[in-house]
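Chemist: Once you've had a glance at the structure underneath, I'll fire off some questions.
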Amino acid sequence: MSPSGWHILGAGAIGGLYATGLAAAGVPVTVLTRDTDSAAVLMREGLTVEEPDGHELHARPLAEPVVAGGASIRRLLVVTKAQDTVAALELIAHRLGPETRAVLLQNGMGTADAVHARFPRLMTVIGTTTNAAYRSTPRRLVRARRGETWIGDGPLPLPVIERHILSEALAESGLHAAWDNDLKLRLWHKLVLNCAVNPVTALLDVPNGVLAGTGPARTLVAAVCIEAAAVMQAEGLPADARTLIEQVVRLAHESGRNVSSMRADVRAGRTTEIDFINGYLLARAQAHGLQAPCNRTLTELIRLRTATAGGAA
């Protein structure tokens, strides 16, 4: 395989954005799908991305079932749901080697540690993105917000000489991507956005834009951010609750039509990423002897909602 190519594990909205962008740019990219039929449909029909300005981008990336054999994977973009990551990597473990560079671009925090515990020799890179997208039809994606993507070291530090090369390779998709030597603050800011937006939109069954207005939803967002700011400060990070609230409101406004991933999961009766989002914040709060009652309530409500729908968060 070409050293400039990518495999994408997780064919959701963000994975689709990258698959379409890379394929349109002529970069070798292969989407790892659930089965042979899904791979055939993807290669035949391709993907179309609708940009916020109405411009459309269409491409037909390569695809193959995740359980297929094949050569070792050099560059892997992991965009599965956080709770599914280790199991998904198990399916391609025979294709992961010393040369593999796996970029974990997912919601929440804690996934990299779980992956490292199972695959201690796998070189993982942690990423965070403020792009927002949702799937309007099986083959059509709506990019609801243009954002930035940043990547940085996982449990095993990436050789310095590879950092710029890897971020530039990801940026060939046409989506911003750059290396950050100290990613922790960006990760926490994204975590807070997810803590406020995902469970609230899922429980109320509303698009993100509702949180940009005033009223009870905004009050709930503020409570989440106040608790998160206290935890961030205990983690040694600069944090101001008012600034966090403003960031959430701005995201909600800019991604107004977006269907949050947790809302989509709850509607479909699927498991959610709650344990890697609000659940992660709760664990860090407990480690510092702090209380986060609003985040705890949201976590328990999401767990109850998915449990009563036949799933378990």
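The values are calculated or read from the model by the stated rules, or taken from the named source; none is laboratory data. Just so we're clear, the structure is a prediction, and the values are computed from it rather than from any experiment. Because the Cβ atoms are built from the backbone with ideal geometry, glycine has one as well, and the counts that use them run over all protein chains shown. Protein only, heavy atoms only, side chains kept; ligands, DNA and RNA dropped before computing areas. Shrake-Rupley method; radii C 1.70, N 1.55, O 1.52, S 1.80 Å.
Chemist: In the list Ala82, Ala87, Ala13, which residue meets the criterion of being closer than 24 Å to Glu273 by Cα and in contact with a Ser or Thr (Cβ under 6 Å, 6 or more places away or on another chain)?
Modeler: Answer to the check: Ala82.
Chemist: Return the residues of the stretch 77-115 that are assigned to a strand (DSSP E or B) and of a type outside the set (A, V, I, L, M, F, W, C); say none if nothing qualifies.
Modeler: Scanning the stretch 77-115 gives a single hit, Arg101.
Chemist: Would it be correct to say that Glu235 is surrounded by fewer than 20 Cβ atoms within 10 Å (Cβ to Cβ), touching a Lys or Arg at 6+ places or on another chain (Cβ under 9 Å) and among the charged types (D, E, K, R)?
Modeler: yes
Chemist: Please enumerate the residues belonging to the stretch 138-153 that are over 16 Å from Asn107 (Cβ atoms) and open to solvent by less than 60 Å² (accessible area, probe 1.4 Å).
Modeler: Those that are over 16 Å from Asn107 (Cβ atoms) and open to solvent by less than 60 Å² (accessible area, probe 1.4 Å): Leu141, Val142, Arg143, Gly152, Asp153.
Chemist: Restricting the search to the stretch 166-183, which residues are open to solvent by 60 Å² or more (accessible area, probe 1.4 Å), within 21 Å of Tyr18 (Cα to Cα) and not in a helix (DSSP H, G or I)?
Modeler: Matches in the stretch 166-183: Glu172, Gly174, His176.
Yes or no, residue by residue, for (1) open to solvent by 60 Å² or more (accessible area, probe 1.4 Å); (2) polar (S, T, N, Q):
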{"residue": "Leu22", "(1), (2)": "no, no"}
{"residue": "Thr33", "(1), (2)": "no, yes"}
{"residue": "Ser38", "(1), (2)": "no, yes"}
{"residue": "Met43", "(1), (2)": "yes, no"}
{"residue": "Pro52", "(1), (2)": "yes, no"}
{"residue": "Pro65", "(1), (2)": "no, no"}
{"residue": "Ala71", "(1), (2)": "yes, no"}
{"residue": "Leu77", "(1), (2)": "no, no"}
{"residue": "Thr85", "(1), (2)": "no, yes"}
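Chemist: Then there's this: May I ask you to list pairs of residues, at least six apart or on different chains, whose Cβ atoms are under 7 Å apart, with the first in the stretch 281-299 being under 26 Å from Leu204 (Cβ atoms) and the second being among the acidic types (Asp, Glu) and modelled with pLDDT of 95 or more?
Modeler: Taking only residues 6 or more apart or on different chains, the pairs are Arg284/Glu235; Ala292/Glu227; Cys294/Glu227; Asn295/Glu227.
Chemist: So which of Arg186, Arg218, Arg143, Arg163 ends up being closer than 27 Å to Leu42 by Cβ, basic (Lys, Arg) and either touching a residue at least 24 places away in the same chain (Cβ under 8 Å) or in a helix (DSSP H, G or I) (or both)?
Modeler: Arg143
Chemist: For the stretch 270-302, what are the residues that are of a type in the set (Lys, Arg) and either over 22 Å from the mean Cα position of the chain (by Cα) or more than 19 Å from Thr111 (Cα to Cα) (or both)?
Modeler: Arg296, the sole residue that qualifies.
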